[in-house]
Amino acid sequence: KVIRKSLESHYKVIRQSKIALNSYGDINACDGTVRPLCGNIRTFEVTGNESCLLTENADNINEYFKPDEEVVTFSDPEELVEKARYLLENEPQRVEIARRGRLRAYKDHSLSKRAPQLQDCLQQILR
């Protein structure tokens, strides 16, 4: 019960946020490569709760979302600030990006679609 209440509170904060920031770790657990890769839990929590995701650019972002249509990406601190200001000043665009991100998250990144991939990844690690 406590965990559920905590998650509900977490998701409420995400839904109330105009922008949610995200960055990725540098190590891919499935193949051990060292580089930022899209796909952490925040990516899907934010988009699934229809908040506008402002996320670090990654080599594989296009496998998950269309940059600047379903999420917004940045490559350095200056671009992060620039895009955050733009999104805060342009509510219609920000809301539309968040809406598209939610639609994509529900269509392609639900638990039923991602669980088999997680299982494959864990099997690779455990071999």
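Going by the conditions given, is ARG127 charged (D, E, K, R) and surrounded by 14 or more Cβ atoms within 10 Å (Cβ to Cβ)? Full working, then the answer.
Values: charged (D, E, K, R): yes; surrounded by 14 or more Cβ atoms within 10 Å (Cβ to Cβ): no.
Taking the combined requirement at face value, the residue does not satisfy it.
Within segment 41-59, track down each residue that is open to solvent by 20 Å² or more (accessible area, probe 1.4 Å), farther than 13 Å from LYS18 by Cα and not in a helix (DSSP H, G or I). Step through it out loud before you land on a result.
From segment 41-59, those open to solvent by 20 Å² or more (accessible area, probe 1.4 Å) are 41-42, 44-45, 49-50, 56-57, 59; that's our starting set.
Checking the rest, the ones that are also farther than 13 Å from LYS18 by Cα come to 41-42, 44-45, 56-57, 59.
Selection gives GLU56, ASN57, ASP59.
I need every pair where a residue in segment 86-107 that is within 16 Å of VAL46 (Cβ to Cβ) has its Cβ under 8 Å from the Cβ of a residue that is part of a helix (DSSP H, G or I) and open to solvent by 70 Å² or more (accessible area, probe 1.4 Å), sequence separation at least 6 or different chains.
LEU87/GLN93; ARG94/LEU88
Could you count how many residues in segment 80-119 are open to solvent by 80 Å² or more (accessible area, probe 1.4 Å) and more than 18 Å from the chain's Cα centre (by Cα)?
Here the count works out to 8.
Taking ARG94 and the conditions (1) modelled with pLDDT under 95; (2) in contact with a helix residue (DSSP H, G or I) (Cβ under 8 Å, 6 or more places away or on another chain), which numbered condition does it fall short on, given that it satisfies the others?
(1)
The values are calculated or read from the model by the stated rules, or taken from the named source; none is laboratory data. Remember, it's a predicted structure, so these values are computed and weren't measured experimentally. All Cβ positions, even for glycine, are placed from backbone atoms using ideal geometry, and neighbour counts span all protein chains on display. Protein only, heavy atoms only, side chains kept; ligands, DNA and RNA dropped before computing areas. Shrake-Rupley method; radii C 1.70, N 1.55, O 1.52, S 1.80 Å.
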